[in-house]
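Q: Have a look at this one before I ask anything.
The values are calculated or read from the model by the stated rules, or taken from the named source; none is laboratory data. Just so it is clear, the structure is predicted and the values come from calculations on it, not from any experiment. With ideal geometry, Cβ positions are generated from the backbone for all residues, glycine too; neighbour counts draw on all protein chains shown. Side chains are part of the model used for accessible areas, which takes the heavy atoms of the whole protein and leaves out ligands, DNA and RNA. Shrake-Rupley method; radii C 1.70, N 1.55, O 1.52, S 1.80 Å.
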Amino acid sequence: MRTEHDRWDLATSVGATATMVAAQRALAADPAYAFIDDPYAAPLVRAVGLDVYTRLVDWQIPTGEDSEFDPERMAKGMACRTRFYDRFFVDAVHSGIGQVVILAAGLDARAYRLSWPAGTVVYEVDMPEVIAFKTATLSGLGAQPTAERRTVAVDLRDDWGSALQAAGFDPQARAAWSAEGLLVYLSDAAADALFDHITALSAPGSRLAFEFVPDTAIFADERWRSHHERMSELGFELDLNELVYHGQPSHVIDHLTRSGWQTTSRTVEELHEANGFVYPDDELAAAFADVTYANAVLM
């Protein structure tokens, strides 16, 4: 269970969810689907060494009528999420924004795999252990950043804004911010504080992308619990119900509006349709159909 000052690496607690997401990105990038382009996801997952996610990227999880695991469904879901954030950053930098901030960067390799305009600076903010591992692993793979990558090794519960500015971030210039896969692990008060910090550091015209689960009680719902129990039999033991802060993060839209941001959003079901995918038709899918992806611009 979460505690106020808990810490983690990429194999434990919240950190393991970054490895889980990277494994799903690897699946979406696999030649079997090629929904996205991410050559670094699978090697990063293998380097972490969590057995179930290594088996996932190596296609060693049983599939079939009797298995809960549906690799294509998982790949399409992660492709929707990854394309959403990729498109957000591409649109932002091509509008003239020159600094990008990836909060809780985890195993995100966008600083290495996207085609950034010359002069773009990408700031990656995460725990020191996470930043160090990813940097060393990608260096060992011979990967080179495609932008000027600056790491900010700090816990987001600490004074990350000062650390970001110390790394060269300019609050007087427009920025593109992402909070991918982050809000569900924050209390409502912590989410408000995060966005207040972002607002304080943002010049007019800055952009923000994030997603949220409108009501995290779904992770205690029988529909999710049954799915989790069946997946745990395959080795997927990570229990999100123990890692999330329960609340209703949908209030962040109103919070941002009051702070001067203009937001647009679409549900994950709508995002599937926009990407040419059919959203699954079952109880589990229905329970998560209103997961919301949002873009915001500071006016």
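Q: What percent of all Cα-Cα pairs in segment 196-299 falls in each 5 Å bin, counting up from 0?
A: Reading upward from the zero bin: 2, 11, 17, 18, 17, 15, 9, 6, 3, 1.
Q: Solvent-accessible area per residue for segment 81-298 at a 1.4 Å probe radius, Å²? It would help to have the intermediate numbers written out before the result.
A: Numbers: 9120 Å² over 218 residues.
About 42 Å² of surface per residue is accessible.
Q: Taking each full run of DSSP H in the chain as one helix, which ones are at least 27 Å long along their axis (Cα atoms) and have mean Kyte-Doolittle hydropathy of at least -0.5?
A: Numbers: long enough: 71-94 (33 Å, -0.46).
Span-like helices in the chain: 71-94.
Q: At R0 = 30 Å, how high is the FRET efficiency between residue 129 and residue 258 if r is their beta carbon distance? Nearest 0.05 is fine.
A: Working: r = 36 Å, r/R0 = 1.19.
Using R0 = 30 Å, I get an efficiency of 0.25.
Q: If you project the alpha carbons of the chain onto their three principal axes, what span does each projection cover, largest first, in Å?
A: On the principal axes, the chain reaches 56, 43, 40 Å in Cα extent.
Q: Quick one: how many Å² of residue 152 are accessible to a 1.4 Å probe, rounded to 10?
A: About 10 Å², rounded to the nearest 10.
Q: Next question, about the same structure. Carbon and sulfur together cover what percent of the accessible area of the chain at a 1.4 Å probe radius? Write down the numbers at each step before the final one.
A: Values: 6350 of 12970 Å².
Carbon and sulfur atoms account for 49 percent of the accessible area of the chain.
Q: Pick from 82, 199, 135 the residue whose mean-square fluctuation is largest in a GNM of the chain, springs joining Cα atoms under 10 Å.
A: 135
Q: Follow-up. Once you have a ≥ b ≥ c as the square roots of the Cα gyration tensor eigenvalues for segment 78-171, tell me rounded if a/c is under 1.5, and otherwise prolate or oblate according to whether a/b is larger than b/c. Show your work: numbers first, answer last.
A: Details: a/c = 1.44, a/b = 1.14, b/c = 1.26.
Cα axes put segment 78-171 in the rounded bin.
Q: Quick check for me: using +1 on Lys/Arg Cβ and -1 on Asp/Glu Cβ, what's the dipole size of segment 145-289 about its Cα centre, in debye to the nearest 20?
A: 760
Q: Test of understanding: what is the full-extension gain from residue 278 to residue 95, defined as 0.36 nm times their sequence separation minus their Cα-Cα distance?
A: Values: separation 183, 0.36 × 183 = 65.88 nm, distance 3.14 nm.
Here the answer is 62.7 nm.
Q: Moving on to the next point. Rounded, prolate or oblate, given the Cα gyration tensor of segment 159-216, with a/c below 1.5 counting as rounded? Kindly include the intermediate steps, with their values, before the conclusion.
A: Values: a/c = 2.38, a/b = 1.74, b/c = 1.37.
Judged from the Cα gyration tensor, segment 159-216 comes out prolate (a/c at least 1.5, a/b above b/c).
Q: Out of all DSSP beta bridges with both ends in the chain, state the antiparallel percent to the nearest 5.
A: 40
Q: Further question: At a probe size of 1.4 Å, how large is the accessible area of residue 273, to the nearest 10 Å²?
A: Number for this one is 140 Å².
Q: Do the sum for the chain: with -39,500 (n - 2.57) for every DSSP H run of n ≥ 4, divided by all residues, what is the mean residue ellipticity at 222 nm, to the nearest 500 deg cm²/dmol? Mind dumping the intermediate values first?
A: Values: 12 runs with 125 residues, N = 299.
The helix-only estimate for the chain comes to -12500 deg cm²/dmol at 222 nm.
Q: Distance in nm between label sites at residue 115 and residue 51, each 7 Å beyond Cα in the beta-carbon direction?
A: 4.3
Q: Given a 1.4 Å probe and the protein chains all in place, what does the accessible area of residue 196 round to, in Å² to the nearest 10?
A: Its heavy atoms expose roughly 70 Å² to the probe.
Q: Okay, next question. From Cα pairs below 8 angstrom and at least 6 apart in sequence, can you work out the relative contact order of the chain, rounded to a whole percent?
A: Details: 490 pairs, mean separation 49.8, N = 299.
Averaging sequence separation for qualifying contacts and normalising by length gives 17 percent for the chain.
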